[in-house]
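A short write-up of the structure that comes next.
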Amino acid sequence: MAQPFLKKDDDHDDEADYSPFLGIEKGAVLQEARVFNDPQLDPRRCSQVITKLLYLLNQGETFTKVEATEVFFAVTKLFQSRDLGLRRMVYVIIKELSPSADEVIIVTSSLMKDMTSKTDMYRANAIRVLCRITDGTLLTQIERYLKQAIVDKNPVVASAALVSGIHLLQTNPEIVKRWSNEVQEAVQSRAALVQFHALALLHQIRQNDRLAVNKLVSSLTRGSVRSPLAQCLLIRYTSQVIRESASNTQTGDRPFYDFLEGCLRHKAEMVIFEAARAITELNGVTSRELTPAITVLQLFLSSTKPVLRFAAVRTLNKVAMTHPIAVTNCNIDMESLISDQNRSIATLAITTLLKTGNESSVDRLMKQITTFMSDIADEFKIVVIEAIRSLCLKFPLKHRSLMNFLSNILREEGGFEYKKAIVDSIVILIRDIPEAKESGLLHLCEFIEDCEFTYLSTQILHFLGIEGPKTSDPSKYIRYIYNRVHLENATVRAGILLQPHIFVLLRRCLFDTDDEVRDRATLYLNTLVADGAVVETGEDVKEFLFGSLDIPLVNLERSLKNYEPSEESFDINSVPKEVKIQPLAEKKAPGKKPTGLGGPPPGPPSTIDAYEKLLSSIPEFSNFGKLFKSSAPVELTEAETEYAVNVVKHIFDGHVVFQYNCTNTIPEQLLENVTVIVDASEAEEFAEVASKPLRSLPYDSPGQTFVAFEKPEGVPAVGKFSNMLRFIVKEVDPSTGEAEDDGVEDEYQLEELEVVAADYMLKVGVSNFRNAWESMGPDCERVDEYGLGPRENLAEAVNAVINLLGMQPCEGTEVVPSNSRSHTCLLSGVYIGNVKVLVRLQFGIDGPKDVAMKLAVRSEDEAVSDVIHEIVASG
Amino acid sequence: MPDTKVRSTGCGSINSCPAVKNILILDSDGKRVAVKYYSDEWPTNSAKLAFEKSLFGRTLKSNARTEAEITIFDSNIVIYKFVQDLHFFITGGDDENELLLATVLQGLFDAIALRLRNTIDKREALENLDVIFLCIDEVVDQGMILETDANAIAGKVAIQNMDASATLSEQGGVKATTYPCSCLGAVMGEGAKTPNFLKFLMTISQALASAREHLTKTLLK
């Protein structure tokens, strides 16, 4: 027979690692599973083998397809045994083995028999197993039994059927929706859990029917729901109804508030808490509405149960962000939580106090936080630091102790995000509180003496360069900077050289081993000593170093390359400001130096800076103001056509410029006077104001032509534009490269171009979405739900919405795990007019393929929040 | 138990239905005794192990013996309770009602205590691993809370122990014959604490029935 289970040691009590599964092996257990095939079944032994199989699966062991199939078939034999205990284990292992469709058929009849058995335990479990493994085709056959089971007088059976219904609703909604009458009857059940499961299923069946949900909530809030779990559900559904109706009924009392308030007197703590939380989260909650909820949460603060204290303090912490006054009553209880054993609770308590407390308590709180900063996780530490930063801005007089605190924790161990939060806070305090400047700068100096993060070192050095000279004794800082020059890596050293007044230092750097450091040192040094005046840096020098260059960098580079060292020094004014077309010179006569200052090939500039420079160099566009956004190039021609054209959309506040990047791919042709004729009849809000033709477009040398439109200022106008490339074509003799004198006018149809809503949105990420979200506050929040219709999968739906809005996905939430049925995606962006926008998208698959989405928008302007909804609604 | 086929729980913030993401029972070295995942947040075994390892490390020093403790971990609420060398965990989404999750964990914990006659430690748990698996199976079904009442859970699991009452390593009949009596004692001890007298009586009668049936079976052997 199979190998016996491990023998128990006589003195196993002394043996710490004793386990009945010591030395267990998959192969041996699979061998043992042969007892399932014995004609005389030993139920106890079979149960033990199943337990071993479950143990292996639980430890992460995997069975091959063959092994799993073999075990599954053997297990099906066990339905012959009438032993209740064994049957129970059989149910569990079938669920774990997740048999394939063709295997399921083998057990179907056994399970269907159990489903109609007189034994309650059989009925309940057979329903759960069958619904778990069935693929839906079977569902119509067993539907009758499931409907009966929902109203079974045994609560375990009813719950099994209802819970299975909740799962099946995802895959076979049309069938489950037919059970409404039975489910409705089960909602009235006297059994607590049956009521809970029935309510959950009924709501899910009706959730898209606002009226039905409204009715459900109205009738249940009047009646008596017995189960605390069901009551929690009812509170959630009620909150939903309140949220949705709030916008409709602006007058009078909030509907259902009385119900929520009544729940605060429920005997179950989970219900009281659910209701209190629901009240604090009401849109535009008034302090009168808040008071009873705060009162019960306050009682929870002194509970002996950590879970209760945590739940209460976490909720109050959130309330303190928007209604600090309402939470001040809890300050005494909050104080006692500062020393809570559970550090999460202590941290939440302190940060709440920092938001609600007064100036006199600051010092004491800071002392207490110091004692356990080292015990808490970085994510909590950042919460503390942010609370301190806002506190310091609120009570500038306290800057000394707060700054000391920040500098102390800056010296301790911590990750990059944490250190960055501290440094950012110090920098903000230095900027906003003049008294804090000197001590803050010194703290930063000390920090860079021993800083492992290059990025932070460079940032601080740069900051020292700006602030240092304005202090009473700049030489103090030079010593620190000087130390860094000797010790740090090249990035930091190069960063240091941004301090234009440190002349000795620069001399030293001329001997540095890194090229960039030497170059920068030479440059600054020469600039500084140019007129023999070391300290007096003239306006023009400053302009040169820190102002922006008004010529395209590519042109400058090309001109410098062409410059031959001579008596005459290089004149920057000779560099062309316009983006010119490279003449065919090099092709015509290889080796011959291009005459004059031939422009470089103007490849599409990649960054917005480059675009901005390019556009501002064109006089027609110079009065359009600041460039808001440039789109990625959109192809207007198929690949491998005669002329390749793509377009970049430049968005200004009151204008849009289309930059057509054209390439001529025919060696025998020279195009001249190239323009794009744009038909804006399908873009009513746009009016063409300027067009800049391209003088000549030789073979394989890209050039640009521009068309500018005026549009209403600040309005996210959208529209369709059809484009026609118009030009004069001249034949070119391939042997000589000479073009004929006479040309022919010709046209070339390009594809349509659209200005869409996403063009008015900049992709700008935030490092911590949650913080950004909460600090934005719910004042301009807009929430609504949308059906996106049938989609291939969630990922496709998520992508579609991201592209539609043109926002930056945060924290990797654009990635949808495969087979997910729900997903939350976080987006951030800046809308035209420099309005920050945050979006929280919650997707769920509703029915077989239908995707539903909840869209919550927060922004600095409620009109913008509405616009985002309009984009989605019309998209 | 590792899911090979992960199904959605049908619950989440959209449907505002409470959902459990996992239940973990680890030993004092952080090794698995029994785990069950209901969410596809941890798609692979190594992702699960990594979660268990860091969660175990994070909570190791806390005192979660008299009352369950709580923390936020990887944007999830985790509630945990330790007894002897066993560490119990339950995980839910970060906007889940903390007290609700705690009720589920307490229900599971008390049910196991009932079934293991109040000696909950790693050895007892491993020797009665079938009981542990069945208790977990009765508490949560694919993320949906199935039952939170410890007596009800223990009652449902009890049915199976009529015949396979011997622990894994003791296959002899000695312990089996004494089992129903000691079980009865445990039930009485526990039952006396619960105010629900009716349920208590039911459990007693259930235990008596199982004792009777067991006796007949032993006689027939």
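A compact table of results
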item	result
10 Å Cβ neighbours from other chains, averaged over peptide A:167-175	2
Links that overshoot a 30 Å alpha carbon limit, given the list A:Lys692/A:Lys730; A:Lys381/B:Lys122; A:Lys398/A:Lys629; A:Lys26/A:Lys95; A:Lys65/A:Lys113; B:Lys81/B:Lys156	A:Lys381/B:Lys122; A:Lys398/A:Lys629
Cα gyration tensor shape for the stretch B:20-157, rounded if a/c is under 1.5, else prolate or oblate	rounded
Shape call, the stretch A:46-110: gyration tensor on alpha carbons, a/c limit 1.5	oblate
Highest average packing first - A:226-234, A:423-431, Cβ atoms within 10 Å	A:226-234, A:423-431
Calculated FRET value between A:Thr295 and A:Asp375, using beta carbons and R₀ = 25 Å, to 0.05	0.20
Per DSSP, loop trypsin sites (Lys or Arg not before Pro) in the stretch A:173-206 with at most 13 further Cβ within 10 Å	A:Arg190
Shape of the stretch A:624-670, Cα gyration tensor, a/c cut at 1.5	prolate
Estimated distance in nm for a label pair at A:Glu685 and A:Ser117, the labels positioned 7 Å out from Cα along Cα-to-Cβ	6.8
Ordering of B:16-24, A:388-396 by packing [mean C-beta count within 10 Å, highest first]	B:16-24, A:388-396
Under 9 Å, Cβ to Cβ, from A:Asn723 - net charge with Lys/Arg +1 and Asp/Glu -1	-3
Loop-located GluC sites (Glu not before Pro) in the stretch A:57-155, at most 16 other Cβ atoms within 10 Å (DSSP)	A:Glu61
Residue among A:Ala739, A:Val766, A:Gly777 farthest towards the positive dipole end of the stretch A:732-781, charges placed on Cβ	A:Gly777
Radius 12 Å from Cβ of A:Gln298, net charge of other residues (Lys, Arg +1; Asp, Glu -1)	0
Over the stretch A:613-755: Kirkwood hydrodynamic radius from C-alpha pairwise inverse distances, Å	15.8
Rounded D (µm²/s) - the stretch A:681-764, Kirkwood Rh over Cα pairs, Stokes-Einstein at 37 °C, 0.692 mPa s	207
Value of relative contact order over the stretch A:613-755, rounded to a whole percent, pairs C-alpha under 8 Å and six or more apart	22
For the stretch A:745-875, convex hull of alpha carbons as volume per residue, Å³	140
For A:302-308, mean number of other protein chain Cβ atoms within 10 Å	6
Shielding by partners - mean other protein chain Cβ count within 10 Å, residues of A:712-719	0
Residue-count net charge about A:Glu435 - beta-carbon cut-off 13 Å; Lys, Arg +1, Asp, Glu -1	+2
Entries in A:Lys355/A:Lys419; A:Lys52/B:Lys31; A:Lys177/B:Lys48; A:Lys318/B:Lys48 that, when Cα-Cα distance is taken, lie over 25 Å	A:Lys177/B:Lys48; A:Lys318/B:Lys48
25 °C / 0.890 mPa s Stokes-Einstein diffusion coefficient of the stretch A:99-208, Kirkwood radius on C-alpha pairs, µm²/s	179
Cleavage-rule hits (trypsin sites (Lys or Arg not before Pro)) in the stretch A:266-371: DSSP loop, at most 16 neighbouring Cβ within 10 angstrom	A:Lys267
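Read-outs: derived from the displayed coordinates by stated rules, not from any lab. Nothing here was measured: the structure is a model prediction, and the numbers come from that model. Backbone-built Cβ (ideal geometry, glycine too); neighbour counts: all protein chains shown.
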